[in-house]
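First up is the structure itself, then whatever we jot down about it.
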Amino acid sequence: MYKVYQRWLGIETDFNMMWRDVGVMLILSLVFTDVLESTPGLSPPGKPTLTGCRSPEKETFTCWWEPGPDGGLPTNYSLYYSKENSDVLECPDYHTAGKNSCFFNKNNTSLWVNYNITVAATNALGRNVSDPVDVDVVYIVQPHRPENVTVAVHAVDGDDPFLLVRWEPPRKADTRSGWITLVYELRVKLEKEETWEEHFAGQQKQFNIFSPPSGEVYMVQVRCKPDHGFWSEWSSTSYVKVPDYIHRERSMWILIAVISAFAFLIIMWTANAKHSRVKHFLLPPVPGPKIKGFDKQLLKGWKSEEMLDHLVIRAFAPASDYEDLLVESLEVYDMEQELVLDGKDLREGHLKSKSPSDSDSGRGSCDSHTLLMEKCGEPKVDQTTILKEKQSGRGTSGEEQ
């Protein structure tokens, strides 16, 4: 009985001592808190910020946060997450991905599932929690940069050289099994320039760059992106120098220019040698007018009366009586006879065509003795003068007809 009482007394003593310790700790914490709150410059921690999450190969992922003000006291940060319809869990690994990060290995990574993630900051004066962020691993994939990027100058069958760029996917990306599909993009530029020229390569792991400038140094970088996610960082820069050469197209144009210049010189020499013919061929002479116009210089020297006589009187010649015509015909006939006797033919056919066919005209009238006497009684005139006057008269009568 004594032993039982002694044992019970010992348990009670231990219980009382435990409560005493708890009370002491509580009192000390309250005192310490009051002291800290009364100390200037000390405060609860600031609100942390979840900066982002990333999965490099769609199998694991990492989240990072940025701490807020620590309030002047040591602050502890903890990441908490919960899946759909699951309990709240704490980060499984704070060390693999570095400071202020949480790494989720394959066992803690699920696809097509939303993660609700928050970060809590705690110090001696209080606690502060970040805004929650929902994450789906499929849409946060950002692979590592491509590896083993090489660029070389190639030429096939005497053609112009081209640049052949090759690379390999990131080692952690399982592209062979099809678990992740990557597309690639590369950019190139001359070393002396500042602007990059980008080319989309698709899923292939090599790319050809044609017609590079000769004698220049090229810089090449490659990056990749999954079907859902973000572009990786650019790979390290690869350099290649293109040897000096003449472009095939440029040489062809030079040949064409030389041939064209030679042909042009031949054409110009031929044209110069046959200048008159070429000029006559290209610029044929303009035919003159068929109807004779007025002579401007002659019109300037004429008076109005002379111009009227020339235009009106010559157009309407005065009518002559029958006797004048008869005598003129006789004179013309006599002159023609005299000229025939001398061996000079003065348009006999023309006179015959103008002479009437009946017996009462011209020639028959010469039988009149009276007319012959009058003809013989006239003074003899120089035959050359008469011939010129008659020819002029016949020309005028022809114009009137």
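Quick grid of which residues meet (1) surrounded by 14 or more Cβ atoms within 10 Å (Cβ to Cβ); (2) in the same structural domain as S55 (by TED's automatic domain parsing); (3) in contact with a Phe, Trp or Tyr (Cβ under 7 Å, 6 or more places away or on another chain); (4) among the charged types (D, E, K, R):
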residue	(1), (2), (3), (4)
E197	no, no, no, yes
N208	no, no, yes, no
P212	yes, no, yes, no
V217	no, no, yes, no
V220	yes, no, no, no
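Would it be correct to say that R166 is among the basic types (K, R), surrounded by 13 or more Cβ atoms within 10 Å (Cβ to Cβ) and over 30 Å from W112 (Cα atoms)? It is true that R166 is among the basic types (K, R), surrounded by 13 or more Cβ atoms within 10 Å (Cβ to Cβ) and over 30 Å from W112 (Cα atoms). Inside segment 83-104, residues that are touching a residue at least 40 places away in the same chain (Cβ under 8 Å) and over 19 Å from A121 (Cβ atoms) make up a count of 2. With the condition being among the hydroxyl-bearing types (S, T, Y) and touching a residue at least 12 places away in the same chain (Cβ under 8 Å), I'd like the strands (runs of 3 or more DSSP E) fully within segment 149-252 carrying at least 1 qualifying residues. Fully inside segment 149-252 and qualifying: 182-190, 217-226, 238-241.
The values are calculated or read from the model by the stated rules, or taken from the named source; none is laboratory data. Treat the numbers as computed from the prediction; the structure is a model and nothing was measured. So basically every Cβ, Gly included, is an ideal-geometry build from the backbone, and we count neighbours across all protein chains shown.
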